[in-house]
Amino acid sequence: QVQLVESGGGLVQAGGSLRLSCAASGRTFSTGAMAWFRQAPGKEREFVAAITWSGGSTVSTDSVEGRFTISRDNAKNTVYLQMISLKPEDTAVYYCAASTTLVSRSRAPYKYWGQGTQVTVSS
């Protein structure tokens, strides 16, 4: 089993920045991809960004391209999501997810999920 705990969420004004962290414990997560998803009220959970085991390759959804950066530190068992130029439409609960396989934009390969951290962007 792998436990994931997100932190770093909060309330920020439009144009501001936040950095989310996801700390993993239990079985090592370093053999698979990690990702961030988000879910706004009344909407489906959607893919935000993902990173390979090595950290050498990342993918992100078009709406956050150029504003959000995913990274990981395997020595610390932690994955990050640096968010800049935040917009009110980025308001959501952000979830960290871990896979034992390759990067995917789909939820299916991600076996482990955190409880989420709230990000609220005011206009």
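The values are calculated or read from the model by the stated rules, or taken from the named source; none is laboratory data. The model shown is predicted, which means the values in this text are computed figures rather than measured ones. Please note: Cβ atoms are built from the backbone with ideal geometry, for glycine as well, and neighbour counts cover all protein chains shown. Surface areas here come from the heavy atoms of the whole protein model, side chains and all, with no ligands, DNA or RNA. Shrake-Rupley method; radii C 1.70, N 1.55, O 1.52, S 1.80 Å.
Residue order by solvent-accessible surface for TRP113, TRP53 is TRP53, TRP113, largest first, with ligands and nucleic acids left out and a 1.4 Å probe. Under 19 Å from a label point set 7 Å out along the Cα-to-Cβ vector of GLN115, the amide N atoms of the range 1-28 belong to 1-11, 20-27. Remark: the chain projects, on average over all directions, an area of 6.7 nm² (convex hull of Cα atoms). If you run the Gaussian network model on the chain, springs between alpha carbon atoms under 10 Å, then out of ALA14, ALA98, ALA35 the most flexible one is ALA14. Under a Gaussian network description of the chain, with springs only between Cα atoms under 10 Å, the residue in SER71, SER104, SER57 that fluctuates furthest is SER57.
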